[in-house]
Every structure is written in structure tokens, then in C-alpha cells.
1. Going through region 30-43 one residue at a time, which ones are of a type outside the set (V, I, T) and assigned to a helix (DSSP H, G or I)?
2. When you go through V27, V20, V46 one by one, which is the residue that is outside any helix (DSSP H, G or I), of a type in the set (A, V, I, L, M) and within 31 Å of the chain's Cα centre (by Cα)?
Amino acid sequence: MNVSELLAEAGILMAVGMLVVFLFLSVLIVAIKLLTKFAEAYPDPVKLTRTPINPINSNKTSPQVIAAITAAVKQHKARNK
């Protein structure tokens, strides 16, 4: 095989590869558009409702909670010396 035959074969191989990629991407785009239309035709029947979140007032932390946190920190520091 000479150089011109190799270049012709490389060009054909490149064209076939580009055509395969183009066809795959075209099929992918069509599939995504069809799925979008399907999702719009059948929307999710579940309606989400928002519930208000009550903020925790940090000024009213009980002394028992503070004592428990302090004891846990001391125990953690004692174990990890």
C-alpha cells in the first residue's frame, strides 16, 4: 500500500466515525425531546407542601443539655489523649 491509499482509507474511516457519532447524538437528542414531552404529558401527581420550620431559641437551652454536652466533650477528650 502506498501513501495515497493509506490516506484514502484513513479519510473513509474518519468519515464513518464522524457519521456514527453524529447519528448517535441525533438519536440521543430525539430521545430526550420525546421523554420531555412524555414527562409534560404525565406530570407528577404528588404535590409537595411546605411546612414552616420553627427556629430553635438558643437562649432557652436547659442546664441538663449543657451538662450533657460538657460531659460528652470531656469524655471524648479523655479517650483521645
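1. Selection gives A31, K33, L34, L35, K37, F38, A39, E40, A41.
2. Of V27, V20, V46, the one residue that is outside any helix (DSSP H, G or I), of a type in the set (A, V, I, L, M) and within 31 Å of the chain's Cα centre (by Cα) is V46.
Per-residue answers, yes or no, for (1) aromatic (F, W, Y); (2) surrounded by 10 or more Cβ atoms within 10 Å (Cβ to Cβ); (3) touching a helix residue (DSSP H, G or I) at 6+ places or on another chain (Cβ under 9 Å):
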{"residue": "E5", "(1), (2), (3)": "no, no, no"}
{"residue": "I12", "(1), (2), (3)": "no, yes, no"}
{"residue": "L28", "(1), (2), (3)": "no, yes, no"}
{"residue": "Y42", "(1), (2), (3)": "yes, no, no"}
{"residue": "P52", "(1), (2), (3)": "no, no, no"}
{"residue": "Q75", "(1), (2), (3)": "no, yes, no"}
{"residue": "A78", "(1), (2), (3)": "no, no, no"}
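Read-outs throughout are calculated quantities, based only on the coordinates presented, and are distinct from any laboratory measurement. Being a predicted model, the structure only gives us computed values, none of them experimental. Neighbour counts run over all protein chains shown; Cβ positions are idealised from the backbone, glycine included.
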